[in-house]
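Below is one structure; the comments refer to it alone.
The values are calculated or read from the model by the stated rules, or taken from the named source; none is laboratory data. These numbers come from a predicted model, not from an experiment. Reconstructed Cβ throughout: ideal geometry from the backbone, glycine too, with neighbour counts over all protein chains shown.
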Amino acid sequence: MTLDAELRAFYEAHRHQIPAGTGEIMQRADAELAASGQTDRALAVGAQAPRFALPSVTGETVTLDRLLAEGSVVLTFYRGAWCPFCNLALRSLQQHHAAIGERGAQLVAVSPQIPDESLSLAEKHDLDFTVLSDVGSDTAKAYGLAFDLPDDLAAAYDQLGFDLVRVNGGHRRTLPLPATYVIDRTGTVRWGFVDTDYMKRAEPADIIAALDALR
């Protein structure tokens, strides 16, 4: 089963659990984000990847330059451990982690969560790859991915118990679009996936094909 099929199956199985009013707020916000042109402002293939220095789950500062010194990088942005679609995508990437490593690349996941939340996620899902915290979403902003939730959707997330104030270190409203980039050793983006729809993610098979194209 492809990741896309898995994500769609999850949505179909659980959409009835979302209160009608909340579902309407989500659909309206999704449509507004899709129409905003946000994906056109995201980092594009051929661009130089903005450098970053972010804390890992162990508190170590990880820089893009250090990662690139060891090979190409697969950089994926996700919303947080509270997002089930993110968790499915990360588990799928974990299943393909060895194949990514065999192609000389490092897999790195970035979210606006505080390090403790990222650590809990990595432990829960047995993630072997690097997970970084972009509290305040400055790196997501540099990549053109950060957006602010509308007030009614932020309130709906609060009612659902997501507590973004806590998990995002006080930055309740700012999240990244789902995005994945393949960056070569020169820091050039060679492949990218960006979508405003949080139910859509890069297929691991496409990531691996992009890495094969670097050889």
Residue in segment 94-131 that is surrounded by the most Cβ atoms within 10 Å (Cβ to Cβ), counting only those that are in contact with a Phe, Trp or Tyr (Cβ under 8 Å, 6 or more places away or on another chain) and not in a helix (DSSP H, G or I):
Ser111
Flag if Val135 is out of contact with any strand residue (DSSP E or B) (no Cβ under 7 Å at 6 or more places or on another chain), of a type outside the set (Ser, Thr, Tyr), without any contact (Cβ under 8 Å) to a residue 40 or more places away in the chain and in a loop (DSSP other than H, G, I, E, B)
yes
Restricting segment 54-75 to residues that are β-branched (Val, Ile, Thr) and modelled with pLDDT under 95, which is nearest to Leu214 (Cα to Cα)?
Val57
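Look through segment 136-155, keep the residues that are out of contact with any Lys or Arg (no Cβ under 7 Å at 6 or more places or on another chain), aliphatic (A, V, I, L, M) and at pLDDT below 95, and return whichever of them is farthest from Arg41 (Cα to Cα).
Filtering segment 136-155 down to residues out of contact with any Lys or Arg (no Cβ under 7 Å at 6 or more places or on another chain) leaves 136-143, 145-147, 150-153, 155.
From what is left, the residues that are aliphatic (A, V, I, L, M) are 140, 142, 145-146, 153, 155.
If we keep only those that are at pLDDT below 95 as well, we get 153, 155.
Working: Leu153: 22, Ala155: 26 Å.
Only one residue fits best here, namely Ala155.
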Any hit, segment 21-37, residues being under 25 Å from Lys200 (Cβ atoms), within 15 Å of the chain's Cα centre (by Cα), at pLDDT 95 or above and aliphatic (A, V, I, L, M)
no
Is at least one residue of segment 192-202 in contact (Cβ under 8 Å) with a residue 24 or more places away in the chain and over 13 Å from the mean Cα position of the chain (by Cα)?
no
Answer yes if at least one residue in segment 52-73 is closer than 26 Å to Asp152 by Cα and surrounded by 15 or more Cβ atoms within 10 Å (Cβ to Cβ), and no otherwise.
no
Please report, ordered by residue number, the strands (runs of 3 or more DSSP E) entirely within segment 147-215 with at least 2 residues that are of a type in the set (Val, Ile, Thr) and surrounded by 18 or more Cβ atoms within 10 Å (Cβ to Cβ).
179-183, 189-194
